[in-house]
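Okay, structure first, notes after.
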């Protein structure tokens, strides 16, 4: 009896990873969203799940993502997974866990944003932070895209989307954000390189500008700041992703449909 119970427990442990995907509908498309615990990432999860998609919602600390966990508790097609952009082994492990699972859309939303501060001003750059910004904002999304490339090839839509910023793309003169701006500019270049490499495989790459979305409690009463409601921004970006064609792969487009390049 003891050996039988031991075997049953062992089998249960072995199948646990599969159970996290058991509620995915085979006839529904699948999206993976990074940085999904709050703000824009959370809204991507909310809107995609409301549309009936399977959602792999990732964030660095799922145990602290109360709103995300509550949303997942009410929707069996949402699976919450840990993902740290600095942990490349962890990224590979997550991709291996979902081996064979088609991913139609990958949304690289997670990133590091801080400032303005002295360490980001030319003349007093904090180079340890410089390295950290580039590893999170540029190398991180690249690694996730590489790891899930086989999954994208199995999907129908085959779209890799990454969120950028006007501070990086247009060089808006906002002092004290040097590390953030340059790391996002590097992400833009990486997106273009991926588009060139993957176009022949029909994997489409789009860089998205979400607009000025108040995700950190900003005062939206300041009309001159041109704030965009997170619901509107994400709805616009999802529409762009849904209609995106291979001919435009590698380009940057704003949430409202305005082409930036």
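What follows is calculated from the coordinates using simple rules that are stated; it is not laboratory data. Bear in mind the structure is a predicted one, so any value in this text is a computation, not a measurement. All Cβ positions, glycine included, derive from the backbone under ideal geometry; neighbour counts span all protein chains shown.
Compute the separation of the alpha-carbon centres of the range 99-131 and the range 46-96 and state it in Å as a whole number.
Using only Cα atoms to place each centre, the spacing works out to 19 Å.
Go through 83-96, 42-55 and give me the packing order, highest mean Cβ count within 10 Å leading.
My ranking of the peptides, most packed first, is 42-55, 83-96.
Once you place label points 7 Å from the Cα toward the Cβ at residue 25 and residue 239, how far apart are they in nm?
2.3 nm
Calculate how large, on average over all directions, the projected area of the Cα convex hull of the range 29-254 is; give the answer in nm² to one decimal.
Result: a mean projected hull area of 12.4 nm².
Using a Förster distance of 25 angstrom, determine the FRET efficiency expected from the C-beta separation of residue 88 and residue 67, and round it to 0.05. List each step's numbers first, then the result.
Numbers: r = 28 Å, r/R0 = 1.11.
After rounding, the FRET efficiency stands at 0.35.
Output the relative contact order of the range 29-254, whole-number percent, from Cα pairs under 8 angstrom with separation of 6+ residues.
With pairs under 8 Å counted, the relative contact order is 19 percent.
For all pairs of alpha-carbon atoms in the range 13-122, what percent lies in each bin of width 10 Å, listed from the first bin to the last filled one?
In whole percents, the pair-distance histogram is 14, 45, 29, 7, 4, 0.
Under 25 °C and 0.890 mPa s, how fast does the range 100-203 diffuse according to Stokes-Einstein, given a Kirkwood radius computed over C-alpha pairs? Answer in µm²/s, whole number.
It comes out at roughly 169 µm²/s.
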